[in-house]
């Protein structure tokens, strides 16, 4: 029966998958929210009405990063109704001052949801959501895209790769990567192409346990793409499975 490496709770691999999945979900949610805001702003610009208003108060709201000032604006609609609304977008320092005259853009069907007609009030929110969404979505989506492409490469190597035997140079911790305070192990092996003089050094993928006790000799199998030996896959079938 093949040995298994078991973890209590979340192991490092699952921590990475969970974090990257969360990044992708948050990023795409931000992009969707930013798109909805852009669409509603365009609709307001196309069909909304403008009125002169005045900032009557700067409402301060605390948050984890210190807080922001939200302008409270009063204006009179085309129908003569006096409307007061608080902007949904705040800044620090405040972008407006009390008593400042502003132009209000509002939907006649819902004048209480008006907006100050300025770049920061109309576009800064969607812009921030788009930028943050692009960063989070790019990191998370890029990770899962890389896993998909790596899976396709592995499947190709399993079917059509050439098996060679490489000499193990060393087994060590990859200090450049750390998950929850734990660094992975990697196997480094060398192979000289008998058809030429080229010498290749292969590095295994991250292993979240020390594989040295399970390596029976100083050689290990590697599947390579003969046309491009830089595409390769270690044969780790003799090692324990990593399970949570």
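No lab work stands behind these numbers, since they all come straight from the coordinates. Everything quoted here is computed from the prediction, not taken from an experiment.
Some values worked out for this structure:
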{"quantity": "Kirkwood Rh, Cα atoms: Rg over Rh of the chain", "calculated": "1.26"}
{"quantity": "Expected-Rg normalisation [2.2 N^0.38 Å, Cα atoms] applied to the stretch 151-212", "calculated": "1.34"}
{"quantity": "Evaluated over the stretch 13-133, the Cα radius of gyration and Dmax, each in Å", "calculated": "17.2, 63"}
{"quantity": "Three principal axis lengths of the stretch 89-193 [C-alpha, angstrom, descending]", "calculated": "78, 32, 23"}
{"quantity": "Relative contact order (%) - the chain, alpha-carbon pairs under 8 angstrom, separation at least six", "calculated": "22"}
